[in-house]
Structures are given as C-alpha cells and as structure tokens.
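S.K.: A single structure is presented below for examination.
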Amino acid sequence: MTQQNPNETVAQRIATILRRHDVEFIFGQSLPSAVILAAEAIGIRQIAYRQENMGGAMADGYARLSGKVAVVAAQNGPAATLLVPPLAEALKASVPIVALVQDVERDQMDRNAFQDLDQIALFQSCTKWVRRVTVPERIDDYVDAAFTAASSGRAGPAALLLPADLLRAEARSPAVVRSKNLGHWPLDRVRPSDKALAEVASLIAAARAPIIIAGGGVHCGGAAAELAALQQEACLPILTTNMGKGAVDEFHPLSAGVLGSLVGPRSLGRYSSALVGSADLVILIGTRTNQNGTDNWRQIPSSATVVHIDVDPVEIGRNYEAIRLVGDARETLATLRAALTRVDLARRHGDRARLEECIHQNWKRFELDRHDVVTSRSRPIRPERIMAELQDLLTGDVTVVADASYSSMWVLGQLRARASGMRFITPRGLAGLGWGVPLAIGAKVARPDKPVIAIVGDGGFAHSWAELETMMRMRLPLAIVVLNNGILGFQRDAETVKFGNFTSACHFAEVDHAKLAEACGCPAVRVEDPSELAYHLQRGMDQGPLLIEVMTDPAAHPPLSLFAKMDEAA
C-alpha cells in the first residue's frame, strides 16, 4: 500500500502510482515536465525520444516484449497530435499503452490558449479510453482506470489528459486508498464454458482435415507454450498470420509457416495454402481475420466449420461465421487441451505421418523455388540472400523487428522461427512506415540482455533517422539493417500493377546511410558484396550498436498475391 505524502504534488503522486504499477520507464521528451521530474526523482527512467510519433512506437515495442503496460508522455498541441499514429497502431494491434498527455491549464480551456486543442476528440478514435483529470483527489482513480482500460479485455492504448496547473497542485487524500499493481498484461484471464470447449474438442476429434491459424493474440496472451502443446498432443497443423509469426516453432514437423498474402511465386504459401483450402475445420486463435491475413478473405473455404478463439467478442464472426470461444488465448487453450483428453484422438494421430510429409514437401519445394535468390552472388544484393544469412544466426532468444511494407514481408516470408514464442515484431496494425527503428528501441529496452535486430528499408528509415541519436544516448546496442534500394518498392510495384506506371515520388536521391549513422556516433558499414553479409550481421548482433547498410536489388519484391500474375509472366 502506498502512503499519502501530505506535501506532494499531483505530479509526484502520479509518479508514485506509476511505481506501484511496476513502471520502470517512461518514453518521453521531458514533458509534462512536472511528471517526468517527479518520476526520475524516484528512479523511473526516461527514454527520451526525438520525435513524438517515434516515442509512441518505442512504447509499443516495449509493451509487446516486456509483458508490461508501456507509458508514453507528451506535451499538448503538436506533440499530442503526433501520438495519434502510434496509438492507432497499438489499438489495431492490441498493445497496451498509457499516454500521459499534458493539457492547458483548467481556467484557460476554450479560450484559444497556446497549443490548446480538443484532445478528448483527438484521442477518441485511436484509444480504448480517454479522460481529462480535473480534481486532485481523483488522480489515483484515473491513473488506475487508464491502466485497467489498457490491459483488460482486448488490450490497447488509453490516454490521460493532465492540465498543467493540476500537476502543480497539492495532491489531496483519496477517498479510497489503492494498492493493486495493474501494470502487467493481460490483466484478466477468462475462458469459455466447459460445455463450449467440449463441443470443440469433439469437432477436432471427428474432423477429416482440421487446421489452426494462429494470430497475434497468441503472443498477446502469452499462449505460445499452450499452443505448442496442443499442436503436439492433437496432431494439428498450424499456420500463422503475419502478427502470429513465432507463435510456434517453424521447424516443428506440423508447422506450415506464415500464410496471408504471401502466396506468389517463390513463396511457401503457394504450397501451404492448400492445407487451408482443403480443411473442413479451421480453428482461428487471436486473429482479426483481416485483409492481409486472409489474402483478401479468400483463403478460408466456405464449406469449413470455423471455430474462433478471441478475447474480443466483437472480432468473432466479423468476417467468418464461427463457433464462439470468447477468452484469453492461454487459458482457453489450456482448458481445450484438458477437454481433448476426454475424446478419442485416434483419427488425429493416424493422420500425423501424412500431414508431416505434406508439410515437409511444402517447405522443400519452397527451398527449391528460392534457391537461386538465397544463394545469389549478384550485386546489388538480393533481399532473400540477406534473410538466408540472417537465418543462420537466429536463435529463439533473438528478437527480429521489421519496418512496414517490404521489410516486414521479407522477414515474415523468408525467415523461419526457431522456437515457440520467438518474437518477430512488425507494425501490422496499420503498417506505418518508419516504425521499425523505434519498435526495436522499445524491444531492446524491454530485453536489454537479448539480441534485437531491426530490418528497415531506406524509405522507412528516412522517417526515423533521428532516433539513432536516441539509441546512442540511451546506450541501446541494436543491430539495424537498412535495405537500400533507392526506391519506394511497394508503391512502385503496386502502382505498376494497378495503373501500368508509377509516380515520381518513388525514386530517391542517393543517400549514404552509413555516414548518417556515423554522424550520430553509431558504428556503420555499407555492404555491397554478399559474401560480407554474414560477418557484419554476426558483428551487429554480438557487438552492437551497428548500422549495416546493404545495397539491395531495386527490382526485388516479396511474393505477394498482388504481384503473382506479373511474376509468373516474367
């Protein structure tokens, strides 16, 4: 239980409450200054970003990896508006963040005060919950409510608006003394009824060709171990969505990799999509069944029975009518495993050898299809060659972070998870370009003793160059790989497919990213020879910080369904 100091300010009280919720870091820019000063005075460290939108993305990466609710802070006005994109990403991706945003003084509201804006309206579309505190004695209630909103149910961001004069005011004794730690997520563990789980267990036992599609909710719920056990015990083949990558060990003989829209030539999905197409029972776990995760909602056959496990009841049945299992992924899978012990799984075990051989052949055909590019010695360097060199260095402890667009697709489609629960962090909620570096910074803050490597394109990296200074100042030894192809690849290719031409914004002037890094004090190297990749990747992971600028082939693109006809005609 925290004790009330009769002389403390509201800002100091907020810092005390944050410590109660196990907050160790605030991603901030020294604003609201009263809160940051109070927090630093009691040992909460500020990770001082350079750009407000990058700070929100850092908080996102931290929350995804740490299992804690992340805290980001910002000034009113422009800083607040720049929090909208990363909070919108967190809302879509189910990531808990509490944003502490300064507001104008209470008696200055609606008078055109400096940097005044309707911040309630600003944050309503990109958070689960937004409130303004107006009375000192309610500060404990509101901070706890923000953490509860962020970490309960389907996790997401919450915004707390703090008038500047309120922060300087004396904190008054609350009516109710609060003592709970609400800083870890998921806050609640709920599961479906035994009857509903027994019904699904019977369906699994009787199905001819059941499959699982695992989404990001497996990671959010900390359910990877339960999913791995279910895969083994019930002999179920598992594919993952983009955000679900790493939910299972992709070297397990029943793991069929990422599917989604990665189904073009030289893709694993070109072969593994048949598993979905022939399924009579599809079990969805923690997935929004979004456009990219289902290749424009085409992959799940209408003839299949769909079971959907999700903590958000609204997502179940959104795009596919489903048997509803509303609950936390970990608890639901644990109790489903118990229900499966009461049914006969002979049919599942009898089909295991055939399934394993089918999946093995899919991986084998994929490796044969891409052999020429993963072993290519060409210059500029093929991205598949970079991924192949990185694959050899991966362990289950490595966190791979990717920027949006092609960087994500290379990582998700070319790398193979080496352990159940391995983390691949990508901005797939809204796919904001430029968030790879700040996501990686947040991930490194969360796991400072584990390797973190970021894969970013030159287009996305241009959004976040300034955070190299943050990385060096905060002494966060990241390895950053910049895929420099001098072009906005997805924009060029998508415009070409749709319109037969592309706009003038796609090409860049030449930029020496290694020199940019060195100007920030970060060691850097430019790689043009593919034979040098392995050395520098190993060096970056062992001895970071290091920026590795790789001159990559501008003609290369991931095997997305959007480009399949164009690639097949080439």
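S.K.: Take the stretch 527-563 and flag every residue that is touching a residue at least 40 places away in the same chain (Cβ under 8 Å), open to solvent by 20 Å² or more (accessible area, probe 1.4 Å) and within 21 Å of ASN485 (Cβ to Cβ).
M.R.: Matches in the stretch 527-563: GLU528, ASP529, SER531, ALA534, MET551, ASP553, PRO554, HIS557, LEU562.
S.K.: Now for a different question. So, GLU518, is that one under 26 Å from TYR49 (Cα atoms), touching a Leu at 6+ places or on another chain (Cβ under 9 Å) and of a type outside the set (A, V, I, L, M, F, W, C) or not?
M.R.: Yes; evaluated as a whole, the condition is true for this residue.
S.K.: In addition: When ARG428 is evaluated against the numbered criteria (1) over 17 Å from VAL456 (Cα atoms); (2) charged (D, E, K, R); (3) within 27 Å of the chain's Cα centre (by Cα), which criterion, by number, is the only one it fails?
M.R.: All conditions are met except number (1).
S.K.: How do the pairs read when you match residues in the stretch 30-58 that are modelled with pLDDT under 95 with residues anywhere that are among the small types (Gly, Ala, Ser) and open to solvent by less than 20 Å² (accessible area, probe 1.4 Å), using Cβ under 6 Å and keeping only pairs 6 or more apart or on different chains?
M.R.: Short answer, once both residue conditions are applied: GLU52/ALA74; GLU52/ALA79.
S.K.: Moving on to the next point. From the residues in the stretch 121-144 that are under 21 Å from ALA34 (Cα atoms) and in contact with a strand residue (DSSP E or B) (Cβ under 8 Å, 6 or more places away or on another chain), which one is surrounded by the fewest Cβ atoms within 10 Å (Cβ to Cβ)?
M.R.: Per the stated criteria, the residue is THR134.
S.K.: Among the residues of the stretch 199-240, write down those that are touching a Ser or Thr at 6+ places or on another chain (Cβ under 7 Å), more than 15 Å from ARG64 (Cβ to Cβ) and open to solvent by 10 Å² or more (accessible area, probe 1.4 Å).
M.R.: Selection gives LEU203, ALA209, ILE213, ALA225, ALA228.
S.K.: Another question about this same structure. Which of the residues spanning the stretch 315-341 are touching a residue at least 24 places away in the same chain (Cβ under 8 Å), more than 18 Å from THR240 (Cβ to Cβ), in a loop (DSSP other than H, G, I, E, B) and open to solvent by 30 Å² or more (accessible area, probe 1.4 Å)?
M.R.: Result: ARG318, single match.
S.K.: Being over 29 Å from the mean Cα position of the chain (by Cα) and over 30 Å from GLY489 (Cβ atoms) is true for just one of ARG324, ARG342, ARG365, ARG337. Which residue is that?
M.R.: ARG342
S.K.: Moving on to the next point. Out of GLY264, GLY244, GLY260, which single residue is under 15 Å from ILE309 (Cα atoms), assigned to a loop (DSSP other than H, G, I, E, B), in contact (Cβ under 8 Å) with a residue 12 or more places away in the chain and open to solvent by less than 10 Å² (accessible area, probe 1.4 Å)?
M.R.: Going through GLY264, GLY244, GLY260 in turn, the sole match is GLY244.
S.K.: Confirm whether ARG298 is without any contact (Cβ under 8 Å) to a residue 24 or more places away in the chain and either open to solvent by less than 10 Å² (accessible area, probe 1.4 Å) or in a loop (DSSP other than H, G, I, E, B) (or both).
M.R.: Criteria met by ARG298.
S.K.: When you go through ASP312, ASP344, ASP397 one by one, which is the residue that is touching a Ser or Thr at 6+ places or on another chain (Cβ under 9 Å) and either assigned to a loop (DSSP other than H, G, I, E, B) or open to solvent by 40 Å² or more (accessible area, probe 1.4 Å) (or both)?
M.R.: Going through ASP312, ASP344, ASP397 in turn, the sole match is ASP312.
S.K.: Residues that are closer than 17 Å to ALA339 by Cα, open to solvent by 30 Å² or more (accessible area, probe 1.4 Å) and either at pLDDT below 95 or among the polar types (S, T, N, Q) (or both): does the stretch 159-175 have at least one?
M.R.: no
S.K.: Would you confirm whether any residue within the stretch 106-115 is within 33 Å of the chain's Cα centre (by Cα), more than 23 Å from HIS184 (Cβ to Cβ) and open to solvent by less than 50 Å² (accessible area, probe 1.4 Å)?
M.R.: no
S.K.: Assuming ILE487 fulfils every condition listed in (1) open to solvent by less than 30 Å² (accessible area, probe 1.4 Å); (2) out of contact with any helix residue (DSSP H, G or I) (no Cβ under 8 Å at 6 or more places or on another chain) apart from one, which condition is it?
M.R.: The failed condition is (2).
S.K.: Another question, then. For the stretch 36-93, which helices (runs of 4 or more DSSP H) that fit wholly inside it have 2 or more residues that are open to solvent by 10 Å² or more (accessible area, probe 1.4 Å) and in contact with a strand residue (DSSP E or B) (Cβ under 6 Å, 6 or more places away or on another chain)?
M.R.: 52-66
The values are calculated or read from the model by the stated rules, or taken from the named source; none is laboratory data. Just so you know, these numbers come straight off a predicted model, no measurement behind them. Positions of Cβ are generated from backbone atoms using ideal geometry, with glycine treated the same way; all protein chains shown enter the neighbour counts. Only protein heavy atoms, including side chains, enter the accessible area calculation; ligands, DNA and RNA are left aside. Shrake-Rupley method; radii C 1.70, N 1.55, O 1.52, S 1.80 Å.
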